[in-house]
1. Pick out the one residue from Thr416, Thr394 that is farther than 21 Å from Leu239 by Cα and touching a residue at least 40 places away in the same chain (Cβ under 8 Å).
2. For the range 401-412, indicate whether the set of residues that are closer than 27 Å to Phe290 by Cβ, in the same structural domain as Leu239 (by the TED database) and surrounded by fewer than 18 Cβ atoms within 10 Å (Cβ to Cβ) is non-empty.
3. Taking the condition touching a Gly at 6+ places or on another chain (Cβ under 7 Å), modelled with pLDDT under 75 and surrounded by 17 or more Cβ atoms within 10 Å (Cβ to Cβ), does Ala250 pass?
4. For the range 448-471, what are the residues that are under 21 Å from the mean Cα position of the chain (by Cα), assigned to a strand (DSSP E or B) and buried (at least 19 other Cβ atoms within 10 Å of the Cβ)?
5. Residues that are in contact with a Cys (Cβ under 7 Å, 6 or more places away or on another chain), outside the structural domain of Arg80 (by the TED database) and over 20 Å from Arg93 (Cα atoms): which strands (runs of 3 or more DSSP E) entirely in the range 160-225 hold 3 or more of them?
6. Need the failing condition index for Gly160 against (1) under 15 Å from Thr68 (Cα atoms); (2) out of contact with any Ser or Thr (no Cβ under 8 Å at 6 or more places or on another chain), just the number.
7. Please enumerate the residues belonging to the range 387-398 that are part of a strand (DSSP E or B) and either surrounded by fewer than 21 Cβ atoms within 10 Å (Cβ to Cβ) or aromatic (Phe, Trp, Tyr) (or both).
8. When only residues in the range 269-292 that are modelled with pLDDT of 90 or more and in contact with a Pro (Cβ under 7 Å, 6 or more places away or on another chain) count, which is farthest from Ala55 (Cα to Cα)?
Amino acid sequence: MHKLRTHALVSALSTVTVAALLATGCSAHSPAGTGEAAASTAEAAKPATDDERLAVVSAPTGDVATPTAVAAASTPDQARARKSALKVASYDRKSGRAVIAAPPSGSGTAPSPTPSTTTASSPTASGTAQDTGSDGANSNAAVAVGDVIASAPAPGAPDGVLAKVTEIVDTAADGSATVQTQPAKLNSVLGRSKADGAVPVDPSALEVDPLVEGVKVSWAKTGDLTFGPEGAKLPLGSLRIDVATAVKTAAGAPASASAALKGFVQLAPEVAFSYDGSRAAASSSPSGAFLGLTGKWTSQWQMKGRAAGTTHGKPIRIPFAQLHADPVIQVGPVPIVVNLDLVCYFRVDADGRVTVDAEQRLKGDFRVGGNFTWAKGWRGVSESHMTGEPLKTTVTALGDAKAAMGAEATVGLYGTVGVTADLAPYLRAESHAAAEGSAGGAGSVSGSWALYGGVDLSGTLNLQLSIFGTPVFQTRIPLGAVHEEWLLTKGEVRT
């Protein structure tokens, strides 16, 4: 009996050993890279860990671009999105209808984390797909209901796409799907991760539309650019706009007092973005967020002549260039489309009496945007640090004149308006006089003048900042006005 049991045990062990050897032998004939590819795919499919810090960088361009990320409905708590080979082939923002294209078969691209593993779209035991019950659409679709898609600009969506799939309308044999969507929030793709950074705006990507004659645009992307009669250098990443334009002259002013403004503004803008979902519950608002515009500012402009005072009680505003860009920043695997609009302008506020020939060089930096915390909600951020120096000063007659060379900026995400800011460095001249007399009829006139530099900064936060997944507010929130002024030079005259 003992021998019988021993023989049975040995037989069982032999069977296990043979099975193991057979399995090993089969593996030996498999391609060497298969195991590595599987490991790589498994690594890519790992869910994001809580409190993960994501890099904030410029999105890649060209053939290496990764324009899409998908947060699959099947992942636990709909965790942070993952890089996806899917593409938005077309999108209609008004109706929410989109076509999502699957990668070509055999392309070697890693598949999307979709399809969902829910009962409605899971394979049956026999390996055939079950019907989703939506107009014949099935689990061969590239996406599933509940998936959230974040995409760089696509056909029909120049502002990018951030949308949740609500219905699979139709599918094609290659897995492409026509879907119905609704707008989604950033917290649905960023989850409980953290991100904080500033990304320079490529100056060559800015579309510049001159609004007056005499506008010249220069930019440096790959190195210093030499320009101008003095051979000045334009720093890497900067955009410069030169302009010279006439200004309406005060009524009754002689031809010699014709008014004009000329100068340049040089910008190196950066999009600032931060997100903190580390302490948020699943699908709830993040605990912190920031969206804004920062950068360096250099300008030099001259105000000359006797400008007209006001038009219907308002300062004269002369827009001279309009700029637009849709830079894509990459927050971890998620492409976030930033919409940036800038309007550069001159603004003149004068009493029509004083004649000036003044020039100022100004440089510094700025930071404007909206900051969200659970404790205080959305608050405006407006900071500016500028210094100026006079290059030329002549003030005649009495009165006041003020000229600003500024920029109004609007920053938003995926086609929504988030922050509007107006940065207006200015030059202000004032002149005063006092008369003295004596009993003998002799008299004299003494006068004083002063030239000031300054900066005004104002703006608003808009309703659409709720795209972060934060509570919606119903009114615009002012950024908080900044007003700084400094004396450039002054003088006195006595006759």
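The values are calculated or read from the model by the stated rules, or taken from the named source; none is laboratory data. All values derive from a computational prediction rather than experimental measurement. All Cβ positions, glycine included, derive from the backbone under ideal geometry; neighbour counts span all protein chains shown.
1. Thr416
2. Looking for residues that are closer than 27 Å to Phe290 by Cβ, in the same structural domain as Leu239 (by the TED database) and surrounded by fewer than 18 Cβ atoms within 10 Å (Cβ to Cβ), one finds none in the range 401-412, hence no.
3. Taking the combined requirement at face value, the residue satisfies it.
4. Within the range 448-471, Leu457, Ser458, Gly459, Leu461 qualify.
5. Qualifying strands (runs of 3 or more DSSP E): none found.
6. (2) is the only condition that Gly160 fails.
7. Answer for the range 387-398, where residues must be part of a strand (DSSP E or B) and either surrounded by fewer than 21 Cβ atoms within 10 Å (Cβ to Cβ) or aromatic (Phe, Trp, Tyr) (or both): Thr387, Glu389, Pro390, Leu391, Lys392, Thr393, Thr394, Thr396.
8. Restricting to residues being modelled with pLDDT of 90 or more and in contact with a Pro (Cβ under 7 Å, 6 or more places away or on another chain), the top hit is Glu270.
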